[in-house]
Amino acid sequence: MTEEPVWNMPDPTFKVRLLQRMKANSDLFRLFDSLRDVCFFAKDSRGRFIMGNRTFLEKLGLDREDDLVGKDDFDFFPARLVEIFLRDDQRVIRTGEPLIDRVELVSNSDGSIDWHITTKVPLVSRNGSSLGIAGITRDFRKSGEHWRPHQQFAAVIEYINQNYNQPIQVEELASLMYLSVNQFERKFKQVFQVSPMKFLTGYRVHRACYDLLHTDHTITQIAIRNGFYDHSHFIRHFRNAMGMTPNQYKRG
């Protein structure tokens, strides 16, 4: 039996069971359980999880890998983040090219969010067919590694984390790296693929998402506490980022 027909068998759990056996017989995958600051995961071509290390399970609030296998991102993350995850997954599967050091927001099991650095690579069969993806992700702030080129922005990210609810000018961020505004904006966009101000707005929107779901504050209160000028300013940026109004998001 050739590899490709086996992989396309109608039994939807076949891929899961096959890769579980691969994992059980390989010492390689056990290494990921020893990396306590690294979340490792793998998915099939349909986006279903086929494995994850202990750190990844803990992040999702799971006790056993059996509780992960066969499920997808929608079972664990807000839809607004899943859309981004899936877009990146499909890009890796479609092009066969890895996604290296993408800075993104990832939800925790308690509903809070953290910035992570994520790398995804394609899983392919011997004949070159796409089987899915494997990836690792690390908390941007908690990792003790000296990430390059991201680590040079650690002070900037921490400043945003602590002051996102206050007015922040790009000049303030540039001064943290002793760069001119033009130099800073160019370097920032090279690393994060967005401008500093768009990065800041995205962070504020996602902080607001948490408040919408976990507090009884009014829309205006949430807008102000997350650094937006007023109600209309918040709604405009929220709609641009999330494709819906804050009230629509809150209603689910």
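Rule-based calculations on the coordinates, nothing more; no lab input. Quick caveat: nothing in here was measured; it's all calculated off a predicted structure. Glycine gets a Cβ as well: all are built from the backbone with ideal geometry, and neighbour counts include every protein chain shown.
Straight-line reach from K198: which aspartates and glutamates fall under 14 Å, measuring Cα to Cα and dropping same-chain residues less than 8 apart?
Within the straight-line cut-off, K198 pairs with E104, E185.
For a quick protection proxy, order the peptides 56-67, 194-205, 159-170 by their average other-Cβ count within 10 Å, most packed first.
Numbers: 56-67: 15.1, 194-205: 18.5, 159-170: 13.3.
Put in order of decreasing packing, that is 194-205, 56-67, 159-170.
Using a Förster radius of 22 Å, what is the FRET efficiency between V181 and D230 based on their Cβ-Cβ separation? Nearest 0.05, please.
Working: r = 26 Å, r/R0 = 1.18.
It comes to 0.25.
Full-extension gain between R54 and D75, please, as 0.36 nm times their residue separation minus the C-alpha to C-alpha distance. Don't jump to the answer; show the numbers that get you there.
Numbers: separation 21, 0.36 × 21 = 7.56 nm, distance 1.78 nm.
Result for the pair: 5.8 nm of gain on full extension.
Kindly state, to the nearest 0.05, the FRET efficiency for N247 paired with I84, given R0 = 25 Å and r defined as their beta-carbon distance. Numbers along the way, then the final one.
Details: r = 22 Å, r/R0 = 0.89.
Calculated value: 0.65.
Using a 7 Å offset from the Cα along the Cα-to-Cβ direction at both V121 and D63, what is the distance between the two label points in nm, to one decimal?
In this crude spin-label approximation the distance works out to 3.4 nm.
Search the structure for amide H atoms under 5 Å from the amide H of M51, placed 1.01 Å from N in the peptide plane, and list their residues when 5 or more places away or on another chain.
A42
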